[in-house]
1. From the Cα gyration tensor of region 158-321, with a ≥ b ≥ c the square roots of its eigenvalues, which class applies: rounded if a/c is under 1.5, or else prolate if a/b is larger than b/c, or else oblate?
2. Using alpha carbons only, how many degrees (0 to 90, rounded to 10) separate the axis of helix 14-28 from the longest principal axis of the chain?
3. So how much slack lies between Gln27 and Arg246, counting 0.36 nm per residue of separation and subtracting their Cα-Cα distance, in nm?
4. Going by alpha carbons, how many degrees (0 to 90, nearest 10) lie between the helix axis of 206-215 and the longest principal axis of the chain?
5. Note the per residue figure in Å³ for the convex hull of the C-alpha positions in the chain.
6. Averaging sequence separations of C-alpha pairs under 8 Å and six or more residues apart, then dividing by the length of region 158-321, give the relative contact order as a whole percent.
7. Karplus couplings for region 190-203 from phi (6.51 cos²θ - 1.76 cosθ + 1.60, θ = phi - 60°), rounded to Hz, Gly and Pro as x?
8. What's the ranking of 202-209, 12-19 by average number of surrounding C-beta atoms within 10 Å, highest first?
Amino acid sequence: MKAVQLLGSAKDGGAETYFLALTESLQAQGVPQACAIRPHAGRGQRIRGLGVPLIEAGFGGPLDLLTAGRVKRFARKEGAGALIAWMNRAARHTPRGPWGRIGRLGGYYGLKYYRGFDHLVANTRDIERWIVRRGWPASKVSYIPNFAEPGPGEPVDRASLGTPADAPLLLSMGRLHASKAHDISIRALAELPGAYLWIAGSGPLEAELKALADQTGVTDRVRFLGWRDDAASLYRTADACLFPSRFEPLGNVIIQAWAHGLPVVAAMSDGPAALIRPEQDGILVPINDVHALALAARRLILNPGLRQRLAEAGAERVRDEFSAGRVVAQWRELLEPYGVG
């Protein structure tokens, strides 16, 4: 029997990227699966390229009366043992049937969307505890973290993005949204003469952030890269990763940076504060503190030994806790009672 994964988002973001990563790893390790997603040319092409059966459906709002039926027919056709809903929109359209229903939560989602589900998966311990505190049976909640693995790709030619080869290079990854606090990274750059900042991500605040770069006098040292599919190459090019998110349940960028040997400075939002062991495998700074972020970045710029020590410790964390093999084994164990395997 198969696991059918449902993703109702058409965005490009961390959860959507990880959905593809898990799909690829499950396929590589022989876990039978199929996918139902909202139309997205790039994602659909990637999934079909893996040989994974796929349908694309509307995954609309409350007035969408078609998606659940389409998913139900697809699940029957594919011999589903379990349906895995990624986020609320997918959960709304996850039909009942002769299969288990599993919700995969990467944040503090409204649990009303998961009523009647057989199991919930949280990607942090704090989300797991939060679910139980809201009355969900502890026996029906599992913690399965995200994994990270070094991806393919050579470092980017800095000259192609107007960046001197010898300039300190800082990398910020994530949607151009207020929660990601790219404005803090831009303001911190003003306190770091000679350093350059690459911001990889798309979103509604692009014009506002570009205006801020102009106001703070750093336009010539900031590069807005848009959404990128070569994250591994970006990680391999930079000297340090800045992750000043104001709200972040996990912080997948941190795990990815660790996997690629890049040291991290992050704000103390929930996920990063739980992930990072301060001064052992990363540096934590207060949320919204421009000066603290700049000071931490300066420490890494001026101290190659510190960069190397933090990067090595982060890579060890990935090997011990966040490897693909370890995470897929946890998913296998969870799906086994549903006949998937």
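1. It is rounded, given that a/c, with a ≥ b ≥ c, falls under 1.5.
2. The answer is roughly 60 degrees.
3. Numbers: separation 219, 0.36 × 219 = 78.84 nm, distance 3.45 nm.
Result for the pair: 75.4 nm of gain on full extension.
4. 10 degrees
5. Numbers: hull volume 44.2 nm³, N = 341.
Spread over its residues, the Cα hull of the chain gives 130 Å³ apiece.
6. 22 percent.
7. 4, 9, 10, x, x, 7, 10, 10, 9, 10, 9, x, 10, x
8. Numbers: 202-209: 15.2, 12-19: 19.8.
Packing order, densest peptide first, comes out as 12-19, 202-209.
Read-outs: derived from the displayed coordinates by stated rules, not from any lab. Here the structure is a predicted model, which means the values were calculated and not measured. We place every Cβ from the backbone using ideal geometry, glycine too, and count neighbours over all the protein chains shown.
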